[in-house]
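Rule-based calculations on the coordinates, nothing more; no lab input. Quick caveat, the model's predicted, so the values are computed rather than measured. With ideal geometry, Cβ positions are generated from the backbone for all residues, glycine too; neighbour counts draw on all protein chains shown.
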Amino acid sequence: MGSYDRDFRVSPEQNLSRYLQHIRRYPMLDAAEETKLARQFRDSADPEAVRQIIGSHLRLVAKIAMGFRGYGLPVADLISEGNVGIMQAIRRFDPERGFRFSTYAMWWIRASIQEYILHSWSLVKMGTTAAQKKLFFNLRKIKSQIDAMEEGDLLPENITHIANRLQVAEVEVIAMNRRLSIPDQSLNAPMRDEGDGEWMDWLIEESDNQEIVLGRSQEFSNRHDLLSVALDHLTERERHIISERRLKDSPTTLQNLSVEYGISRERVRQIEVRAFEKLQKSVRNASIQRQLPC
């Protein structure tokens, strides 16, 4: 159905009023004609049948799309997305169920437009759950009904009313209302009309700069080298015990090492302490030679 996608999209160059006049040329279908054409498409993928069905419902798409104009997106884009939805609907429509195509297609048209709005309205992802989507598309209407459109933060009683009506948490109502009240702002926007300075200039960089990161990396590398050299000054048993007791994320117990070497736990502890003192001395001497902080 790729060719139909192109036929029923509103191009950016096309004047919207001309498009609305253009779709009026498609005749409306009665129930019998619609069922006959739907069966033709289902049974033989008749391109003319689907063209007539979709064409007769393009005015419905435009009407639904007009209802979403309040979100600040181009109406032509909303209509195009609605047309995508109606083409998805025709693929799944079953004429034998006894209801009109418009009743079935409305859900697909709305879903397609709403998904487009959620992905295009803000740079920040929002409306990921069914409850959040319901809140996004109904909050403004309910605020209008309770005369709360001009408020910043909603009054507590209004928050409770909206939360109960839409079956969502009050904290979600507060967050969504603030999100809808404040549009996205570019960090590169000038702070004043004169244009001297951008908002980004006031952001605090919390991560370390490159000099600090490089310095830490070099220090870690130097300390690692000192430790490697110091370990070479230990006996094999001392090196193994200090590695098991001090250099592992989960140190081996004194009991396990005493069993491994056939000595007491106290003896293992003494070897560990002596090996650690030798390590400290070796690292200190090497760092003095390199003029590094130990």
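Summary of values
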{"item": "Förster radius 35 Å - calculated FRET efficiency between ARG246 and ALA175 (Cβ-Cβ, nearest 0.05)", "result": "0.15"}
{"item": "VAL229 versus THR160: modelled label distance in nm, points set 7 Å from Cα along the beta carbon direction", "result": "7.3 nm"}
